[in-house]
Amino acid sequence: MEYRFSARMGKLSGNATREILKLIKRGGIISFAGGLPAGDMLPSAELAAVTAEILNSPRVKEVMQYDVTEGAPETRAEIAEYLGGFGVRNIGADDVQIVSGGQQGIDLACRALLDKGDYALVENPTYLAALQIVASCEAEAIGVKAAAGGLDLNDLEDKIKKYNPKLLYVVPTFSNPTGGSYSADNRKRIAELTARYGVVVVEDDPYAKLRFTGEAVPSIKSTDKAGNVIYLTSFSKIVSPGMRIGAACAAPDLLRRMTVCKQGIDVHTNSLSVAVIGEFLKRGIIARHVEKVLPIYKKKQKLIVECLDRYMPACYRHTDPEGGLFIWGRFEGAKIDTQTLLPEAIETCKAAYVQGNVFYADDSGHDCLRLNFSNPSETDIERGIKGLGSFFKKKI
Ligand SMILES: Cc1ncc(COP(=O)(O)O)c(C=O)c1O
């Protein structure tokens with residue numbers, strides 16, 4: 001049978017990290033590739049207790065039935081309060097749409113705004129699934145240059161004028177892939193500039209709670225006067241990615257369109273997970289859990305930095321993130337193509353990374369790689385980076 005696939009599938013290839021994860025799942029590979037929280041640090045006991053409590057209470061009838069697309073109002077009210085901690089204030093349950101992971105929030109925003117042939121600006125490099133989502137809307141992602149402390153604002157303005165984009169997608173805190181963050185001033189100026197030109201900002205902020213050094217910086221949404229910022233949060237990195245719970249907060253018109261899009265996709269997010277997250281927030285379980293994981297991630301980040309400095313070739317430069325799950329590096333001036341070398345690296349070092357180019361709207365960054373430090377054990381970090389270091393030294 002010759003299948004007649006949609007035109008929108010034309011530009012889509014498999015997400016590189018998802019493909020690598022399949023390889024790694026076969027076992028025996030040290031993975032620096034996924035964006036996974038530490039497996040042994042998931043709050044399993046609390047999840048089991050709260051889930052059992054809900055299922056053994058009269059609420060079981062609610063959580064096992066259909067719900068409204070927005071998600072349970074009690075959990076949305078808890079999330080609205082929680083978002084105050086990110087500077088998203090004066091909101092209530094009606095300003096929140098629960099989504100099936102932050103990634104669905106990106107998808108809903110893009111579906112609500114992008115038509116075929118439209119442009120979306122993204123930081124270069126950016127979260128690769130966002131590139132995939134923009135492509136699935138048959139729109140084009142245009143990379144904006146990064147600068148010290150955030151986006152290059154001149155380049156942003158030039159590209160807004162040149163492309164008339166409908167949206168700008170950014171991960172301003174502990175970005176995926178670089179681990180970098182935008183300064184408070186850069187955020188404020190992004191909000192002003194985009195408002196001036198009528199561009200919607202999709203501020204994707206799943207890592208903000210994972211800060212182990214430095215001072216918290218207010219979100220772009222906290223400076224949003226025009227109502228042009230869609231704020232996305234997620235509980236994947238701070239509770240469990242398998243639960244698939246995130247939330248979007250935006251001006252009523254924007255949020256309503258996103259809700260309508262969601263109606264046609266999955267009706268509503270899994271009600272049991274929504275109820276559990278609501279209870280976790282109400283009882284302060286998330287805040288306590290984050291306190292518990294932060295010192296562990298901090299230690300692993302320090303260790304990976306030490307190992308990279310010790311084992312990687314001299315031309316390798318890396319970031320030194322103050323939080324999040326990723327560290328980003330580049331082989332400066334060397335003829336290294338991390339994409340071509342990945343299968344051989346996995347085969348010989350039994351360690352996997354993600355090649356840099358997949359995070360670029362223009363397929364540059366072949367000399368870069370992204371490493372996750374939260375999921376591998378300390379022993380594996382040492383062993384894996386040592387292996388990758390000697391592998392790359394031989395390739396230079
Ligand atoms: C920047 C960014 N946004 C969204 C997601 C997706 O997260 P979720 O599991 O909440 O869909 C990730 C996951 O890696 C991410 O890094």
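May I ask you to say which residue of A191, A248, A147, A139 is open to solvent by 20 Å² or more (accessible area, probe 1.4 Å) and of a type in the set (A, V, I, L, M, F, W, C)?
Numbers: A191 fails: open to solvent by 20 Å² or more (accessible area, probe 1.4 Å); A248 fails: open to solvent by 20 Å² or more (accessible area, probe 1.4 Å); A139 fails: open to solvent by 20 Å² or more (accessible area, probe 1.4 Å).
One residue alone meets the criteria, A147.
If D266 meets every condition in (1) open to solvent by less than 10 Å² (accessible area, probe 1.4 Å); (2) part of a loop (DSSP other than H, G, I, E, B) apart from one, which number is that one?
(1)
Wholly within region 1-105, which helices (runs of 4 or more DSSP H) include no fewer than the required count, namely at least 2 residues that are more than 24 Å from the chain's Cα centre (by Cα) and without any contact (Cβ under 8 Å) to a residue 12 or more places away in the chain?
In region 1-105, 44-55, 60-63 are the helices (runs of 4 or more DSSP H) which contain 2 or more residues that are more than 24 Å from the chain's Cα centre (by Cα) and without any contact (Cβ under 8 Å) to a residue 12 or more places away in the chain.
When the residues of region 218-235 are narrowed to those that are assigned to a loop (DSSP other than H, G, I, E, B) and within 16 Å of the ligand (Cβ to nearest atom), which ends up surrounded by the most Cβ atoms within 10 Å (Cβ to Cβ)?
Residues of region 218-235 assigned to a loop (DSSP other than H, G, I, E, B): 218-220, 224-228, 235.
Checking the rest, the ones that are also within 16 Å of the ligand (Cβ to nearest atom) come to 219-220, 235.
Values: S219: 25, I220: 29, F235: 25.
Only one residue tops the list, namely I220.
Name, by its number, the condition in (1) in contact (Cβ under 8 Å) with a residue 24 or more places away in the chain; (2) in a helix (DSSP H, G or I); (3) basic (K, R) that does not hold for R288.
Going through (1) in contact (Cβ under 8 Å) with a residue 24 or more places away in the chain; (2) in a helix (DSSP H, G or I); (3) basic (K, R) one by one, R288 breaks only (1).
List, please: which pairs have Cβ atoms under 6 Å, are six or more places apart or on different chains, and start with a residue in region 226-252 that is over 17 Å from R211 (Cα atoms) and end with one that is of a type in the set (K, R)?
V229/K221; Y231/K221
For T213, state whether it is within 14 Å of the ligand (Cβ to nearest atom), open to solvent by 10 Å² or more (accessible area, probe 1.4 Å) and part of a loop (DSSP other than H, G, I, E, B).
Working: within 14 Å of the ligand (Cβ to nearest atom): no; open to solvent by 10 Å² or more (accessible area, probe 1.4 Å): yes; part of a loop (DSSP other than H, G, I, E, B): yes.
Judged against the criteria, T213 is not a match.
Specify the residue that is farthest from S273 (Cα to Cα); the eligible residues are those in region 58-91 that are open to solvent by less than 30 Å² (accessible area, probe 1.4 Å) and more than 16 Å from the ligand (Cβ to nearest atom).
By that ranking, first place goes to G87.
Kindly provide the set of residues from region 96-118 that are in contact with a helix residue (DSSP H, G or I) (Cβ under 7 Å, 6 or more places away or on another chain) and surrounded by fewer than 21 Cβ atoms within 10 Å (Cβ to Cβ), ordered by number.
R111, the sole residue that qualifies.
Say we look at region 158-196 and pick out the residues that are away from the ligand (no atom under 16 Å from the Cβ) and touching a residue at least 40 places away in the same chain (Cβ under 8 Å); which of these is nearest to Y119 (Cα to Cα)?
Taking the candidates together, the pick is P165.
Is there a residue being in a loop (DSSP other than H, G, I, E, B), of a type in the set (K, R), away from the ligand (no atom under 11 Å from the Cβ) and under 18 Å from R187 (Cα atoms) anywhere in region 107-123? Walk me through it before giving the result.
First, the residues of region 107-123 that are in a loop (DSSP other than H, G, I, E, B): 114-118.
Okay, now just the ones that are also of a type in the set (K, R), so 116.
Restricting the remaining residues to those that are away from the ligand (no atom under 11 Å from the Cβ) gives 116.
Retained after the next criterion (residues that are under 18 Å from R187 (Cα atoms)): none.
Looking through region 107-123, none of the residues is in a loop (DSSP other than H, G, I, E, B), of a type in the set (K, R), away from the ligand (no atom under 11 Å from the Cβ) and under 18 Å from R187 (Cα atoms).
So, in region 138-157, exactly how many residues are in a helix (DSSP H, G or I) and within 16 Å of the ligand (Cβ to nearest atom)?
Qualifying residue count, region 138-157: 0.
The values are calculated or read from the model by the stated rules, or taken from the named source; none is laboratory data. No experiment lies behind these values; they were computed from the predicted model shown. Backbone-built Cβ (ideal geometry, glycine too); neighbour counts: all protein chains shown. Accessible surface is based on the protein model in full, side chains and every heavy atom, while ligands, DNA and RNA are left aside. Shrake-Rupley method; radii C 1.70, N 1.55, O 1.52, S 1.80 Å.
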